[in-house]
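Visitor: Structure incoming, see below.
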Amino acid sequence: MIILFHPRATKPRNCRMPLAALALAAVLEGREEYAIVDGNLDDTPLDSIIDLIDRHHVELLGVSVMPGPQMVAGMEVSREVRRLRPHVPIVWGGYFPSIYPDATLNARYIDYAVRGQGEETLLELIESIRGQRDLSSICGLSYKDAFGLHRNNPERAMKGPDSFPWVPYHRIPVERYLRPSFFGKRTAVHHASIGCPFNCSFCGVHAAYGRDEKMESPERTVEILQHLISQYNADSVQFYDMNFFLREDHARKLCDLMEPLKLRWWCEARVDIMSRYSDETMAAIARAGCTMIFFGAESGADWVLKDMQKGITTEQTLIMAQRTRQFGIIPEFSFVVGNPKDPDTDTRETLAFIRKIKRINPDSEIIIQHYTPTPQPGQMYGDVNDKIIFPSTPAEWASKRWLDFTLRIDTGAPWLRTRTKKLIDNFELVVASRWPTVQDIRAPKWSRFLLKALSAWRYRLHFYELPVELQWAHNFINLRKPKRESL
């Protein structure tokens, strides 16, 4: 048996289908005995894994890992499995080992690390464990040799979703994952592509999954969505693709096919690509049920966007603020503030730019983060390579300091003055209060009026210092939110 473990990454009420584990399950289905253990649903995943090991001949424990809480949960369970059942090989796959393979292998309880797309690498690793293939022949695999040295095999070429079978939805309790959201009462998730062809220097996606985006055919995407509707009563979906609208012809065909499904949905896109779309295509996207689009606007300063190698302009962001308003789609703009070369100027220009967006489209949702570099020596913008020494083991990454860094709670960035950091945080709080997010479906109706009333004068007067009344209001509202959501 092969165990696929999806460590806990969020609260049960926020959990979504474990797409990474399901993608691996798809290639195991019908050829290997396997089990999926999802820590987001299972309160005692270690007990479940040990029980499976004791009742079956388990040849491999596969752990899907993202940085942050999921990495911590994966580390704790992996360490205990090695202590309690040391004969079971452990492999980590996903974003964390793809970006940090050496840090992953520095953990004594991890035997293998899969970099990038893992479906075929997993199948070949199983063959190797059975003595049918040499480890050195497996592309995308990192491992420890007989002397304990790290070996990083060549990269594996990415394949598009159409190259693999459908995920086996019948192997998980789908109904427990279709949670309420702003988009519907039963929101599903889907990944219709892999990879990213762009080269943003603050992002690790291209390092993990390549610079060539492989897209699922529109026909297959719609067929899968129809299955989720007919079999599980899904009424909405969130697409987890880095660039859902990479090509206009693909977007138009997909949206024309999706329109009859009557789904409400969310996706990610780029302002440079969509700013060139015709009005006809934008109208088709809206008719297909697109409710919200996440855009990485990143900065309100073109000099920072150039430094980021983002490949967009501030003008394109403003165009999409206007066009989304025209077609009734809510834009979600994300900003990474605090360029190390001149964080104060970057902050001043970006905050002014956000205010400009709000004048054009008040419904725009704003997400603000401090610049947190993804460790890629020689590829991080802002000349920060010599300013941060990154952890070398999962245990170090699990420390409070580095968890706060990963989650952007407190990056400890030496280039960001305390005064500037407070300005960014206070501005974000004022904007979030002046325009409370529509996505918080648990917030009481009265809370929006309270937050708007308390923050209106601050926003109008550009006064962001010491917003203690807003912090109090948010805490007060959170205490009075319903504890459970009905399905």
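Read-outs throughout are calculated quantities, based only on the coordinates presented, and are distinct from any laboratory measurement. Computed from a prediction, not measured in an experiment: that's the story for all the values here. Neighbour counts are summed over all protein chains in view; Cβ atoms, including those assigned to glycine, are modelled from backbone coordinates with ideal geometry.
Visitor: Among rounded, prolate and oblate, which fits the stretch 2-142 when a ≥ b ≥ c are the square roots of the eigenvalues of its C-alpha gyration tensor, a/c under 1.5 means rounded, and a/b larger than b/c means prolate? Kindly include the intermediate steps, with their values, before the conclusion.
Guide: Details: a/c = 1.35, a/b = 1.23, b/c = 1.10.
Verdict is rounded for the stretch 2-142.
Visitor: Give the long-range amide H neighbours of Glu268: residues separated by 5 or more places, or on another chain, with amide H under 5 Å away, using H modelled in the peptide plane at 1.01 Å from N.
Guide: Hits under the 5 Å cutoff: Asp241, Phe244, Phe294.
Visitor: Rounded to the nearest 10 degrees, what's the angle between the helix 314-326 long axis and the longest principal axis of the chain, both from Cα atoms, 0 to 90?
Guide: That works out to roughly 80 degrees.
Visitor: I need Met242, Met158 ordered by Cβ neighbour count within 10 Å, fewest first.
Guide: Numbers: Met242 21, Met158 17.
Going from sparsest to densest Cβ surroundings: Met158, Met242.
Visitor: So, one more: Taking θ = phi - 60°, what integer Hz values does the Karplus form 6.51 cos²θ - 1.76 cosθ + 1.60 yield along the stretch 451-458, in sequence order, with x for Gly and Pro?
Guide: 5, 4, 5, 6, 9, 4, 5, 4
Visitor: Using the Karplus curve 6.51 cos²θ - 1.76 cosθ + 1.60 with θ = phi - 60°, work out ³J(HN,Hα) for each residue of the stretch 236-241 in order, rounded to whole Hz, and write x for Gly and Pro.
Guide: In residue order, the calculated couplings are 6, 8, 10, 8, 9, 6 Hz.
Visitor: Per the chain: cysteines with no other Cys C-beta under 4.7 angstrom?
Guide: Cys15, Cys139, Cys196, Cys255, Cys267, Cys290
Visitor: For the modelled label position 7 Å from the Cα of Gln132 along Cα-to-Cβ, which residues of the stretch 38-70 have backbone nitrogen atoms closer than 19 Å?
Guide: Answer for the stretch 38-70: 57-62.
Visitor: Which angle between 0 and 90 degrees, to the nearest 10, do you get for helix 19-28 versus the longest principal axis of the chain when only C-alpha atoms count?
Guide: Compared with the principal axis, the helix lies near 30 degrees.
Visitor: Shifting gears a bit: Angle, helix 248-258 long axis vs. longest principal axis of the chain, Cα atoms, 0 to 90°, nearest 10?
Guide: 80 degrees
Visitor: Per residue of the stretch 31-46, what does 6.51 cos²θ - 1.76 cosθ + 1.60 with θ = phi - 60° give for ³J(HN,Hα)? Whole Hz please, x for Gly and Pro, Karplus curve as stated.
Guide: Values per residue, Gly and Pro as x: 10, 9, 7, 8, 9, 10, 10, 10, x, 6, 10, 8, 6, 10, x, 4 Hz.
Visitor: Further question: Can you sort Trp402, Trp166, Trp446, Trp266 by how many other beta carbons sit within 10 Å, fewest first?
Guide: Values: Trp402 18, Trp166 13, Trp446 10, Trp266 23.
If I rank by nearby Cβ atoms, fewest first, I get Trp446, Trp166, Trp402, Trp266.
Visitor: Another question about this same structure. Under the definition of Cα pairs under 8 Å and six or more residues apart, what whole-number percent is the relative contact order of the chain?
Guide: Answer for the chain is 11 percent.
Visitor: Another question about this same structure. Which net charge results when you count Lys and Arg as +1 and Asp and Glu as -1 among the other residues whose beta-carbon is under 14 Å from that of Glu469?
Guide: On the way: positive: Arg434, Lys452, Arg458; negative: Glu465.
Once positives and negatives cancel, what remains is +2.
Visitor: Scale the Cα Rg of the stretch 202-252 by the rule-of-thumb value 2.2 N^0.38 Å and send over the ratio, two decimals. Write down the numbers at each step before the final one.
Guide: Values: Rg = 13.6 Å, N = 51, 2.2 N^0.38 = 9.8 Å.
With N residues counted in the stretch 202-252, Rg over 2.2 N^0.38 Å equals 1.39.
Visitor: For Ser193, list long-range residues whose amide hydrogen, built 1.01 Å from N in the peptide plane, is under 5 Å from its own amide hydrogen.
Guide: Glu216
Visitor: 5 Å is the cut-off here: which amide hydrogens, built 1.01 Å from N in the peptide plane, fall below it relative to Ala297, excluding neighbours closer than 5 in sequence?
Guide: Amide H to amide H, under 5 Å and 5 or more residues apart or across chains, Ala297 pairs with Ser334.
Visitor: Mind sorting Val81, Val88 by how few other Cβ atoms lie within 10 Å of their own Cβ, fewest first?
Guide: Val88, Val81
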